[in-house]
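The structure appears right after this line, and notes come after that.
The values are calculated or read from the model by the stated rules, or taken from the named source; none is laboratory data. Just so it is clear, the structure is predicted and the values come from calculations on it, not from any experiment. Using ideal geometry, Cβ is built from the backbone for each residue, glycine included, and neighbour counts are taken over all protein chains shown.
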């Protein structure tokens, strides 16, 4: 089986690039970098493979972290400290959820795949794989970060989340043997995350053949490419905004200063709106972004611009680094660009699951190539 072994620098590039594709969610890159470095320092290998190298009969599981990305406070701060203490050990709750599901299935996993592309959730797959001594797959099941676990190609291809395992850092552990539908699995996981700060979930058992059919392939490598572009611009003392957008294959559609950011932490989600006042060639114009953990719908001067499932990526206008909605603040200068969603999401089947209407907004999906014409 051909594989790439990630270095300390690869870990940084991966997490920083994935944070940009995470569209404001998917977790912050800094913890992922710390945990991956700790594993490498402890002698673990972080192995990345192409899905084509998986045997048809391989068992592939999907680990990820579920919870609101609102700023840490109270219980969540305590949870973060507790997780830090065990992140690079077998007591890691994400790893324990993998082992719990394996025990239920009566079989060890051959590989894992990221539940999404995000600064932390992509790292979770790499961390779990390294602790288990198995590879993680170059790809994910969304092509971006999303607020709900059901917004994945598993749902499109009718791969059930159950059986699934949930573990939190406090020692609570749950096996979901069966559910009426995957929305119920989401609700169970979300409820546990509200109780404990976050829940670590391993789910959606597939074989290698099925995974290849539903995988959004190459997204881990793509995130690493974006991270490298950012790093090389930094090393050259150049503005990193354009290199980052190029590496992401995106299109910038606004630049300005955040003048209002309103949010609330409710039901295991961060809900909010970002208002940006244009600068430079966007002076006198206004951008609004609606978010549920991730950036999902945008308007320029009240006209719909980039909307989900296409990606709305917000980066710092000076550093080029991804701006997480957890830490977004008024007064920040940002550059905003769109990236086309994976082709599967632009199909009628994909849009029936993931579009503005899924979130109750009276708005149809228009590909960003068309929506941005004339803006």
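Overview of results
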read-out: Residue check for residue 231: modelled with pLDDT of 95 or more, in the same structural domain as residue 145 (by TED's automatic domain parsing) and not in a strand (DSSP E or B); value: no
read-out: Residue match in region 5-16 (condition: part of a loop (DSSP other than H, G, I, E, B), closer than 24 Å to residue 227 by Cβ and in contact with a strand residue (DSSP E or B) (Cβ under 8 Å, 6 or more places away or on another chain)); value: yes
read-out: Where residue 130 falls short, out of the listed (1) closer than 30 Å to residue 247 by Cα; (2) part of a loop (DSSP other than H, G, I, E, B); (3) in contact with a strand residue (DSSP E or B) (Cβ under 8 Å, 6 or more places away or on another chain); value: (2)
read-out: Within region 195-214, tally of residues that are out of contact with any strand residue (DSSP E or B) (no Cβ under 8 Å at 6 or more places or on another chain) and buried (at least 18 other Cβ atoms within 10 Å of the Cβ); value: 3
read-out: Residue among 185, 162, 223 that is buried (at least 17 other Cβ atoms within 10 Å of the Cβ), within 28 Å of residue 270 (Cα to Cα) and without any contact (Cβ under 8 Å) to a residue 40 or more places away in the chain; value: 185
read-out: Members of region 30-62 found to be at pLDDT below 95 and touching a strand residue (DSSP E or B) at 6+ places or on another chain (Cβ under 9 Å), listed by number; value: none
read-out: Test: residue 257 is over 24 Å from residue 147 (Cα atoms), in a strand (DSSP E or B), touching a residue at least 12 places away in the same chain (Cβ under 8 Å) and more than 19 Å from the chain's Cα centre (by Cα); value: yes
read-out: Criterion violated by residue 309 - all others in (1) touching a helix residue (DSSP H, G or I) at 6+ places or on another chain (Cβ under 6 Å); (2) part of a loop (DSSP other than H, G, I, E, B); (3) surrounded by fewer than 21 Cβ atoms within 10 Å (Cβ to Cβ) satisfied; value: (3)
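To keep it simple, each residue is scored yes or no on (1) out of contact with any helix residue (DSSP H, G or I) (no Cβ under 8 Å at 6 or more places or on another chain); (2) crowded, with 16+ Cβ neighbours inside 10 Å; (3) outside any loop (DSSP other than H, G, I, E, B).
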| site | (1), (2), (3) |
| --- | --- |
| 324 | no, yes, no |
| 330 | yes, no, no |
| 335 | no, yes, yes |
| 338 | no, yes, yes |
| 345 | no, yes, yes |
| 350 | no, yes, yes |
| 358 | yes, yes, yes |
| 370 | yes, no, yes |
| 374 | yes, no, no |
